[in-house]
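The values are calculated or read from the model by the stated rules, or taken from the named source; none is laboratory data. Just so you know, these numbers come straight off a predicted model, no measurement behind them. Virtual Cβ from ideal backbone geometry, glycine too; neighbours counted across all protein chains shown. Surface accessibility is based on the protein's heavy atoms, side chains included, excluding ligands, DNA and RNA. Shrake-Rupley method; radii C 1.70, N 1.55, O 1.52, S 1.80 Å.
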Amino acid sequence: MKQTVFILLGLAVLALLAAAPYLLSDYGTALLLGMTGYITLATAWAMFSGPTRYVSLATVAFFGIGAYTVAVLSEVLPYPLVLLVAALIGLTVAIIVGLSTLRLAGVYFVIFTFGLAELVRQTVTWWEVNVTETLGRYIFLPFEGRHIYWQLLALLVVTLLISWWIGRSRYGLALKAIGDDETVAEHAGINVPGLKLALFAISATIITLVGAIQAPRWTYIEPSIVFNPTVSFLTLIMALLGGPSKLWGPMVGAIPLFLLFEWLSANFPDHFSILLGALFIMIVFFMPKGILAKLEDLRAGGAS
Amino acid sequence: MNGRLEITGLKKRFGGLTAVNGVSFAVEPGEVIGLLGPNGSGKTTVMNMVSGALRADAGSIRFDGVELTRLKPNKIAKHGVARTFQLVRPLPTLSVAENVLLSFAFGRKRHWGREAQMLVEEKLEFVGLGGRGGEEVGNLTYIDQKRMELARALASEPKLLLLDEWLAGLNPSELRIGIDLVRHLQGLGMSVLLVEHIMEAVRALCSRCVVMSAGEVIASGESEAVLKAPQVISAYLGDDHA
Ligand SMILES: Nc1ncnc2c1ncn2[C@@H]1O[C@H](COP(=O)(O)OP(=O)(O)OP(=O)(O)O)[C@@H](O)[C@H]1O
Ligand SMILES: [Mg+2]
């Protein structure tokens, strides 16, 4: 009964969101588009990093791979195939990276993933300059903001469903156990490396698709745009703010922060990085487990 | 329940230190056997190799006719070997029930959903934590964490249980309860390899013992006889017992 109400409510909200481009101005739609992109990034990031606590800064590596694949192939292949190829490239890179790094623990993993994003960016730049002799590419796809927005919305729904399904399956429990103590998890019968790799790959593939779907928005792209490390940091902060171990956590963090960042970058473009850093520190300091956990604590505290 | 553990010529070096040096013994199906020895003699290292936490440098470990020596811990768990840890290792973000549920979900058989929840409650009751599944493991006393860890090991439905000083730190009345629990498991047909310093427990539970010193087996056989052997007394029990 309660579940039916939730499903109906969810569908109603979804219908409203899908209709939003007809109700909003172009600017409003663009804002909603960007927000949906970041909610999807943060949710996909948290799918792997939330329970396992492997903090990945490789988000933009996959995001950029997705965007670049579209830039290179959009005039060669039909669009759905371009998305498929982008997803496959993201998946392949994720598996290679996962196999070589998921043995790293703690801060080494963080540093490696950050390095990976830079490596991918430098490689693409080098390739474009030396081999294809073009730095920057144009994307001519007949998409308007709302078309991109609808694709992202669909991807977000799929991402939330995957995340929800994992969370209630035995793999969700296993991932939390891995975050706590990998040795104990292994002795309980969990294939720890296999499960980490699978989750990292799913998460990275979704992130790749976010980049691919958003690419037509820019018309012109170059490595410094689509491999901008700020994307990785924003995703991380959003997920942390909302609480990466809850299904809705990344969304709760992404919505206010996205709006705040839009406002900051419009009004204080020169100080954006500093403000971002300061905010990051405050979130980690005051709400290490995120808004949702903080609210629960407050409620529990008030009740007792 | 069948399952014979056969260890032959097991070796493990840590840098220059040979922690386990050619250890051989067997655990018969349904037997509770004591693995004794002074601190640092290599008992936990043997346990770690049997459970797959460490890889042996040489020798072999066979269980139930299967070679475990090169297998990963998760595979070994699925072959029916479970363990507790000398220092308890509860999973802090999971509730007491979830800690146990984990082993049911990934153990020898796979249980999930309603059925698994009932099994978890049964196991918690068995170790004396009935009705406390919803609690945070961090709030449990040390003893209750040990109980939880036993329930978690049992939840993978092992044929062989490795207990690494599971009875250590219990007060006399808790010790009696602990001994009864292990005896009950034996009654159910489970084999137990028991690393233990408490002689009372060893005498009560183990018909046979293996004694290690400096990585080697120095005595094995009937408990009463082994515990009286002069080399055991001098190596393990110390001068005040001589
Ligand atoms: N991972 C490791 N790295 C290096 N040395 C180790 C490691 N594990 C154990 N050792 C060393 O190997 C030797 C045997 O240790 P082990 O823990 O097996 O002894 P034990 O018999 O279980 O002792 P205790 O009764 O104190 O638990 C010790 O000297 C110990 O310091
Ligand atoms: Mg030990």
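Structure notes:
- Among the chymotrypsin sites (Phe, Trp or Tyr not before Pro) found in region A:93-180, those both in a DSSP coil and sparsely packed, with 11 or fewer other Cβ atoms within 10 Å of their Cβ, are A:140.
- Accessible-area order (highest first, 1.4 angstrom probe) of the listed residues B:83, B:110: B:110, B:83
- Annotation for the A:B interface, with buried accessible surface near 2000 Å², both sides summed [1.4 Å probe; non-protein components not counted].
- Electrostatic dipole magnitude of the protein assembly as shown [Cβ: Lys, Arg +1; Asp, Glu -1; Cα centre; debye, to 20]: 700
- Accessible-area composition of region B:88-157, carbon plus sulfur, in percent [1.4 Å probe]: 48
- Note on residue A:255/residue A:100: beta-carbon distance plugged into 1/(1 + (r/R0)^6) with R0 of 30 Å gives a FRET efficiency of 0.30.
- Rounded to 5, the percent of DSSP beta bridges in the protein assembly as shown classed as antiparallel: 60
- Scaled against 2.2 N^0.38 Å for its residue count N, the alpha carbon radius of gyration of chain B is 0.99.
- What the Cα atoms of the protein assembly as shown give is an Rg and a Dmax of 28.4, 92 Å.
- With the cut-off at under 15 Å, measuring from each backbone N in region A:89-110 to a point 7 Å along the Cα-to-Cβ line of residue A:77 picks out A:89-93.
- Normalised by 2.2 N^0.38 Å, where N is the number of residues, the C-alpha radius of gyration of region A:2-303 stands at 1.00.
- Inverse of mean 1/r across different Cα pairs in region B:115-242, Kirkwood, Å: 16.2
- One quarter of the convex hull surface built on the alpha carbon atoms of region B:88-157 amounts to 3.9 nm², the projected area averaged over directions.
- In this simple spin-label model, placing a label point 7 Å from the Cα along the Cα-to-Cβ direction at both residue B:233 and residue A:286 gives a separation of 7.1 nm.
- Cβ neighbours within 10 Å from other chains - mean over A:186-199: 6
- Anchor residue B:228: lysines whose Cα lies under 30 Å away (excluding residues fewer than 8 positions away in-chain): B:11, B:12, B:43
- Local electrostatic count, residue B:208, Cβ distance below 9 Å [Lys/Arg +1, Asp/Glu -1]: -3
- Dimensionless Rg over Rh [region B:1-100; C-alpha; Kirkwood]: 0.99
- Membrane-span-like helices in chain A (whole DSSP H runs, Cα extent of at least 24 Å along the helix axis, mean Kyte-Doolittle hydropathy of at least 1.6): A:2-23, A:79-101, A:192-214.
- Between residue A:293 and residue B:18, the simple spin-label model (points 7 angstrom out along Cα→Cβ) gives 4.8 nm.
- Here residue B:58 and residue B:117 are evaluated by their C-beta separation; at R0 = 51 Å the FRET efficiency comes out at 0.70.
- In this calculation the C-beta distance from residue A:272 to residue A:220 is compared with R0 = 30 Å, giving a FRET efficiency of 0.90.
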